[in-house]
Amino acid sequence: MEKPFFKKGETKKSSVKELLASSRAIEGVFVQGWVRTARDHKDFAFLEVNDGSCLKNLQVLVDGGLPAYGALADFSTGSAISILGDLVESPGKGQKWELKAKEIELVGSCPPDYPLQKKRHSDEFLRTIAHLRPRTNKYGALLRIRSQLAQAVHSFFCDEGFFLVSTPILTASDCEGAGDLFSVSAPAHENKEEFFGKKAFLTVSGQLALETHALALGKVYTFGPTFRAENSHTARHAAEFWMIEPEMAFADLADDMDLAEKFVKYLVGHLLNFCQEDMELFFAFVDKSLQEALNAIADKTFERITYTKAIEILQKSGKSFEHPVAWGLDLQTEHERFLAESFVQGPVFVCDYPTQIKPFYMRANPDGKTVAAMDLLAPRVGEIIGGSQREERHDFLKAAMERQKLSKEEYGWYLDTRLYGSAPHSGFGMGFERFLMLATGITNIRDVISFPRTPGSIAY
Ligand code: 4AD
Ligand code: MG
């Protein structure tokens, strides 16, 4: 449909972001967006228009003499409009520029039952309208930050000489051995019960596939969705989440922690330097201590302690925890948070966990009791990264697989990689949503992913 003042290929469209950053007034500007508020001042009106390009709105002045002023009722909160006007200096406070409208066209009307009429809504309410919440300031900011950080993940690994590998979503193996797998089924065909001829699942981690590529390309990473059918009703667990997994050949656990630390610092630096406008919202309205916490992450060297030391610290803390603390038991979120928030007051690596609480692929330490594992624990969030040096010795790995009753038929290919030119190698996985919680101060994982999937809930 041809617009009266918009000719495809002829009229240049500007984003609100570009206009607000303009160094000069501009005649004949074309913008499209959604009305956030309309204020009638009797012989003129102001529309606040947001087009998603940035947090700020563009103030649009609608003069009483314009036909659009007569149609003001159409430009209600939430409606989609096109505006042609001149970018002029704003005499009012709060903005340098405003758009003096010449013509306004209604693209999509918005009736008064639009749920986002008022300025602030609870997170709980917004979760019930996940299809509309991107239109709020907070989710708009979160989504722009999420996108920027995803790009930064790729820049980091590219700069560090890593190759991106697309590991499979459909898989026949259970990487973590925890049995939290979603199974995948399809209609039977050619009299076969299973589509693939055997059971298939959604991946819980790309690691095993990634290791085969690290032993060829040296440094690789994957960044994709992962699925876990854990029945965890917490603010930190989602059934579908995104994971960033690097894997390096000829690298030990210390190299792994070095990479993880550099990576976290890079992402935090990116947030502080390139996402300032959106981050201001989280500093001001979500967590007042966030800015300081992020600065500290960027500046301070991360502490490294062993699991055995961590247990000692927890036992001597004098704090009564809900879950028991004893050598051999896994750390719970309350323990992780205590270590990061009270003991270190910053991110802390805990390494060398007991063999029995970790997956089969982790490298056995000489003490015979622990494996070369590391978790990075962060204040407020707890574990954001889990990684390890992998068991590269064929006989050790074979024994570990036998102990955990992994079948040779299913995992023979993995064992093979330890037969042909095996080399020490290490990697980790970072939960992207966990990092976003750390980055924004948002305390529920359901609010850092567009369409959260949790036990009992898949609304879309
Ligand atoms: O510690 P995890 O289970 O480690 C692995 O999957 C390894 N195979 C990764 C590797 O070494 N390549 O998971 C890694 C990270 C966790 O530290 C956490 O941040 C996140 O993934 N994570 C979850 N995030 C949201 N919801 C869940 N249910 C998660 N489970 C793990
Ligand atoms: Mg873990």
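Brief remarks on what is shown
- Counting only residues that are part of a helix (DSSP H, G or I), of a type in the set (A, V, I, L, M, F, W, C) and touching a strand residue (DSSP E or B) at 6+ places or on another chain (Cβ under 8 Å), segment 220-272 holds 6 of them.
- Scanning segment 403-421 for residues that are under 33 Å from the mean Cα position of the chain (by Cα) and not in a helix (DSSP H, G or I), we see that the one that is nearest to ligand 2 (Cβ to nearest atom) is Q404.
- Every residue from segment 21-80 that is touching a strand residue (DSSP E or B) at 6+ places or on another chain (Cβ under 7 Å) and polar (S, T, N, Q): S22, Q32, T37, N50, N57, Q59, S76, T77, S79
- Looking only at segment 118-142, residues that are surrounded by fewer than 17 Cβ atoms within 10 Å (Cβ to Cβ), touching a residue at least 40 places away in the same chain (Cβ under 8 Å) and closer than 25 Å to K17 by Cβ come to 2 in all.
- Residues within segment 371-384 that are more than 12 Å from ligand 1 (Cβ to nearest atom), at positive phi and of a type outside the set (K, R), tallied: 0
- Total residues in segment 403-460, condition touching a Leu at 6+ places or on another chain (Cβ under 9 Å), of a type in the set (D, E, K, R) and within 15 Å of ligand 1 (Cβ to nearest atom): 1
- Scanning segment 25-66 for residues that are assigned to a loop (DSSP other than H, G, I, E, B) and among the hydroxyl-bearing types (S, T, Y) yields a single hit, S53.
- Spans of strands (runs of 3 or more DSSP E) in segment 318-402 with at least 3 residues over 29 Å from G441 (Cα atoms), within 16 Å of ligand 2 (Cβ to nearest atom) and at pLDDT 95 or above: 370-378
- Considering segment 426-453, and only residues there that are part of a loop (DSSP other than H, G, I, E, B) and in contact with a strand residue (DSSP E or B) (Cβ under 9 Å, 6 or more places away or on another chain), the residue that is farthest from ligand 2 (Cβ to nearest atom) turns out to be F451.
- Test result for E391, within 21 Å of S173 (Cβ to Cβ), away from ligand 1 (no atom under 15 Å from the Cβ) and of a type in the set (D, E): no
- Filter result for E18 (surrounded by fewer than 17 Cβ atoms within 10 Å (Cβ to Cβ), within 31 Å of the chain's Cα centre (by Cα) and among the acidic types (D, E)): yes
- Test: residue in segment 356-370 that is within 11 Å of ligand 1 (Cβ to nearest atom), more than 30 Å from S289 (Cα to Cα), touching a residue at least 60 places away in the same chain (Cβ under 8 Å) and of a type in the set (F, W, Y): yes
- Among the conditions (1) at pLDDT below 95; (2) buried (at least 17 other Cβ atoms within 10 Å of the Cβ), the only one that K12 does not satisfy is (2).
- Scan segment 166-200 for residues that are farther than 27 Å from Q356 by Cα and more than 19 Å from the chain's Cα centre (by Cα) and the total you get is 17.
Yes/no matrix, rows are residues, columns are (1) at pLDDT 95 or above; (2) small (G, A, S):
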| residue | (1), (2) |
| --- | --- |
| K192 | no, no |
| A200 | no, yes |
| A214 | yes, yes |
| L217 | yes, no |
| T234 | no, no |
| L259 | yes, no |
| V286 | yes, no |
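- A count restricted to segment 233-253 and to residues that are near ligand 1 (Cβ under 6 Å from one of its atoms) and surrounded by fewer than 22 Cβ atoms within 10 Å (Cβ to Cβ) stands at 2.
- Residue in segment 148-166 that is of a type outside the set (F, W, Y), touching a Ser or Thr at 6+ places or on another chain (Cβ under 7 Å) and farther than 30 Å from F201 by Cβ present: no
- Some residue of segment 72-87 being without any contact (Cβ under 8 Å) to a residue 60 or more places away in the chain, charged (D, E, K, R) and outside any helix (DSSP H, G or I): no
- Leading residue by the ranking (nearest to A150 (Cα to Cα)) among those in segment 187-228 that are out of contact with any helix residue (DSSP H, G or I) (no Cβ under 7 Å at 6 or more places or on another chain) and aromatic (F, W, Y): F227
- Looking only at segment 188-232, residues that are in contact with a Phe, Trp or Tyr (Cβ under 7 Å, 6 or more places away or on another chain), of a type in the set (K, R) and within 13 Å of ligand 1 (Cβ to nearest atom) come to 0 in all.
The values are calculated or read from the model by the stated rules, or taken from the named source; none is laboratory data. Since the model is a prediction, treat every value here as computed from it, not as a measurement. Here the Cβ is made from the backbone with ideal geometry for all residues, glycine too, and neighbour counts use every protein chain on show.
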